[in-house]
Amino acid sequence: MRINPSLLSADFANLQSEIEGIPSADGLHVDVMDNHFVPNLTLGLPVVEAVRKVTPKLLDIHLMINDPDRWAPAYAEAGAESVTFHVEAATAPVKLARDLRSAGAKAAMALRPATPIEPYADLLGELDMVLIMTVEPGFGGQKFLDLCLPKIRRTAELIKKTGGTIALEVDGGVSAETIERCAEAGANTFVAGSAVFGADDPDAMINSLRSQAESAG
Ligand code: DX5
Ligand code: ZN
């Protein structure tokens, strides 16, 4: 069970110290938004390159952008260990996943809440992770959508059929109240933004979320 705090809820003016404050994180989830795929604008490649220089932690890049076919490989080249594109935005997801892997990153595919997994079942062999959004992408601090739980379960089953090495990440509204439902449904990688950075002790919250997931999953 891995907890990847989302830097979206961190203080953007002090990213280095925010990262130093969460040594228990398994990875750092970085939300890239372009104001087109989602109605919000965050950060891009120069900030990811700067973050790369100050931490050896695994960088879990979540691209909420149009035309990931064009822009995603640069994040792998910048040294991110995992790069996630939205399948709704990708033109050629198989080629893109292969490009990411040949640039040295893990390739991951994200689904918005209304996007089913079934049409993409045959792509799983090209992927290292599937990210199921449990809120509409765009903003931190939204309410977890329980309607995504059956999809998490079905995705976990499809992954099992492939041999089971593909990670299953959930993102959006993950907190002490909701993480057990996600783990029980089969998720093993958890993004938490407001739940971690809004806590009095963010690092302790990571460990507490992980133990909740471990006992539920
Ligand atoms: C939302 C982002 C999430 C966000 C999660 O579009 O993809 O990673 O930071 O924030 P919380 O955990 O507050 O829902
Ligand atoms: Zn995200």
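A short reminder: the numbers here are calculations on the coordinates, not readings from a lab. Predicted model, so just to flag it, every value in this text is computed and none were measured. Heads up, the Cβs are rebuilt from the backbone with ideal geometry, glycines too, and the neighbour counts pull from every protein chain shown.
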**Report entry** Loop GluC sites (Glu not before Pro), the stretch 104-191 (other Cβ atoms within 10 Å of the site Cβ: 13 or fewer; DSSP)
**Finding:** Glu177
Query raised in the report: Computed over the Cα atoms, what is the radius of gyration of the stretch 90-217 divided by 2.2 N^0.38 Å, N being its residue count?
Result: 1.06
**Report entry** Debye-sum result for the stretch 22-123 in log10 I(q)/I(0), which assumes one identical scatterer on each alpha carbon, at q = 0.11, 0.18, 0.22 Å⁻¹
**Finding:** -0.31, -0.83, -1.18
Query raised in the report: What is the count of Lys pairs in the stretch 2-216 whose alpha carbons sit under 19 Å apart, if the two are 8 or more places apart or on different chains?
Result: 6
Query raised in the report: From a point 7 Å beyond the Cα of Thr55 in the direction of its Cβ, which residues of the stretch 1-19 have a backbone N at a distance under 13 Å?
Result: 3-19
Report summary line: Sorted by chain and then number, the residues having a modelled amide H within less than 5 Å of the amide H of Gly141, at least 5 places away or on another chain, are Gly173, Ser194
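Given the chain, report the % of alpha carbon pairs whose separation exceeds 22 Å.
Of the Cα pairs, 45 percent sit more than 22 Å apart.
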Report task. Measure out, as a whole number of angstrom, how far apart the alpha-carbon centroids of the stretch 142-217 and the stretch 1-69 sit. Result -> 18
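Would you compute, from DSSP H runs of 4+ residues alone, the mean residue ellipticity of the chain at 222 nm, taking -39500 (n - 2.57) per run and dividing by the full residue count, rounded to the nearest 500? List each step's numbers first, then the result.
Numbers: 9 runs with 75 residues, N = 217.
Calculated from helices alone, the mean residue ellipticity at 222 nm is -9500 deg cm²/dmol.
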Query raised in the report: Points 7 angstrom from Cα along the Cβ direction at Val47 and Asn14: gap in nanometres?
Result: 1.7
**Report entry** Whole-Hz couplings from phi, Karplus 6.51/-1.76/1.60, listed for the stretch 34-43; x for Gly and Pro
**Finding:** 10, 6, 10, 5, 9, x, 7, 10, 10, 9
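Express the relative contact order of the stretch 2-216 as a whole percentage, based on alpha carbon pairs under 8 Å and six or more residues apart in sequence. Don't skip to the answer; put the middle values down first.
Values: 442 pairs, mean separation 43.1, N = 215.
20 percent.
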